[in-house]
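*Asks:* Dropping the structure in here first, questions after.
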Amino acid sequence: MKKIVTGIGFEITGVLMILFPFLIASLSLENTIEWDTQLGRFWQTVSDMGMFPIMIVGVILLITGVIFSLWGTFSKSDT
């Protein structure tokens with residue numbers, strides 16, 4: 001049960017760490033003055049604001065949470 005609760009916590013944290021940079025970048029799109037960038041306007045804003053590491057950590061937490069949840073679900077019960 002502890003693995004499932006930990007997994008759910010990691011999943012929620014990971015999803016929030018992925019979604020909030022998207023929200024912040026979408027609000028800051030008007031500050032990106034170049035339309036023709038190599039990454040595109042949205043991803044260039046994410047890069048300029050330095051939010052790639054936050055999103056990478058969020059993806060790692062989300063994947064870890066899914067693994068913990070599945071591990072807790074399919075493991076033998078201790079009781």
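The values are calculated or read from the model by the stated rules, or taken from the named source; none is laboratory data. Just so it is clear, the structure is predicted and the values come from calculations on it, not from any experiment. Positions of Cβ are backbone-derived with ideal geometry, glycine not excepted, and every protein chain shown enters the neighbour counts. Surface accessibility is based on the protein's heavy atoms, side chains included, excluding ligands, DNA and RNA. Shrake-Rupley method; radii C 1.70, N 1.55, O 1.52, S 1.80 Å.
*Asks:* So I have [x] 159; [y] 71; [z] 114, and one of them is volume of the Cα convex hull per residue in Å³ calculated from this model. Which one is it?
*Replies:* Read-out taken from this structure: [y].
*Asks:* Could you give the size of the charge dipole of the chain about its Cα centre, using +1 on the Cβ of each K and R and -1 on the Cβ of each D and E, expressed in debye and rounded to the nearest 20?
*Replies:* Using only the charged Cβ atoms, the result is roughly 500 debye.
*Asks:* Oh, and also: Can you give me the % of accessible surface on the chain that is carbon or sulfur? Probe 1.4 Å, all protein chains present, nothing else counted.
*Replies:* Summing carbon and sulfur atoms, their accessible area is 71 percent of the total for the chain.
*Asks:* Using only helices, what value at 222 nm comes out for the chain when you add -39,500 (n - 2.57) per DSSP H run of length 4 or more and divide by the total residues, to the nearest 500 deg cm²/dmol?
*Replies:* When only DSSP H runs of four or more count, the value is -24500 deg cm²/dmol.
*Asks:* Using Cα pairs under 8 angstrom and six or more residues apart, how large is the relative contact order of the chain, in percent?
*Replies:* Relative contact order here is 56 percent.
*Asks:* Per-residue counts of other Cβ atoms within 10 Å, averaged by peptide: what ranking do you get for 55-68, 17-30, highest first?
*Replies:* Going from most to least packed, we get 55-68, 17-30.
*Asks:* Answer with one residue from Phe42, Met17, Ile63: the one whose Cα lies farthest towards the positive end of the charge dipole of the chain, charges on Cβ with Lys, Arg +1 and Asp, Glu -1.
*Replies:* Sorting the options by dipole projection puts first Ile63.
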